[in-house]
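Participant: This is the structure I want to talk about, given as structure tokens.
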């Protein structure tokens, strides 16, 4: 399956959660899309359907395809600690997500484009792989030639510090440091990761 590039509001309405950021369409129509989306009937979902929906929600949120997602889950399962927490930490440490969290891009989709177009450095070297796993201590910066890029300048306008405790931001250098993997309670995404663990454990 190719990466989803369609309307984000439609997906947000499907999960009834603004997974791509503030969404006026979701606030106006807080029900699933489609002919029967506004039906008053409450069709009870099976346990499997609930678990699958949560996995799809996580995949859409972070912009990850099935094969990448499964590999990330397997990596999380091998690491010490709770698998669900590890899964979200690895998703958070993807380069495209870190670029988004630093505010260099307004969305993960835009961050992925900046990375693939070689606008981003990691420890002084250009990295154009969105799924690149950032490690504690890595410095993520805007490439020197890209510091005047209109979309980057607009996204960083007025930004002086990072609002996430696991990241620092140097506005004058247009660079940030990935201090450590975030704790689960620090990750703002509304994802029930235990349901994903249960799905893969079947």
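The values are calculated or read from the model by the stated rules, or taken from the named source; none is laboratory data. This is a predicted model, so every value here is computed, not measured. Please note: Cβ atoms are built from the backbone with ideal geometry, for glycine as well, and neighbour counts cover all protein chains shown.
Participant: Those residues that are loosely packed, with under 14 Cβ neighbours inside 10 Å and within 26 Å of residue 71 (Cα to Cα), I need them from the stretch 134-167; list them, please.
Facilitator: Of everything in the stretch 134-167, those that are loosely packed, with under 14 Cβ neighbours inside 10 Å and within 26 Å of residue 71 (Cα to Cα) turn out to be 135, 136, 137.
Participant: For the stretch 64-81, which residues satisfy the criterion of being touching a residue at least 60 places away in the same chain (Cβ under 8 Å), closer than 20 Å to residue 135 by Cβ and not in a helix (DSSP H, G or I)?
Facilitator: Listed by number, the list holds a single entry, 64.
Participant: Return the pairs, sorted by first residue and then second, in which the second residue is at pLDDT 95 or above and surrounded by fewer than 16 Cβ atoms within 10 Å (Cβ to Cβ), the first residue lies in the stretch 103-120 and is at positive phi and part of a loop (DSSP other than H, G, I, E, B), the beta carbons are less than 8 Å apart, and the residues are 6+ apart or on different chains.
Facilitator: 118/126; 118/128
Participant: While we're looking at this one, here's another question. Do we have residue 182 as part of a loop (DSSP other than H, G, I, E, B) and either surrounded by 19 or more Cβ atoms within 10 Å (Cβ to Cβ) or touching a strand residue (DSSP E or B) at 6+ places or on another chain (Cβ under 6 Å) (or both) here?
Facilitator: yes
Participant: Another question about this same structure. So residue 118 passes all but one of these: (1) in contact with a strand residue (DSSP E or B) (Cβ under 7 Å, 6 or more places away or on another chain); (2) buried (at least 18 other Cβ atoms within 10 Å of the Cβ). Which condition number does it fail?
Facilitator: That leaves (2) as the condition not met.
Participant: For the stretch 91-115, enumerate the residues that are surrounded by 20 or more Cβ atoms within 10 Å (Cβ to Cβ) and under 26 Å from residue 51 (Cα atoms).
Facilitator: Correct list: 91, 92, 93, 94, 96, 97, 108.
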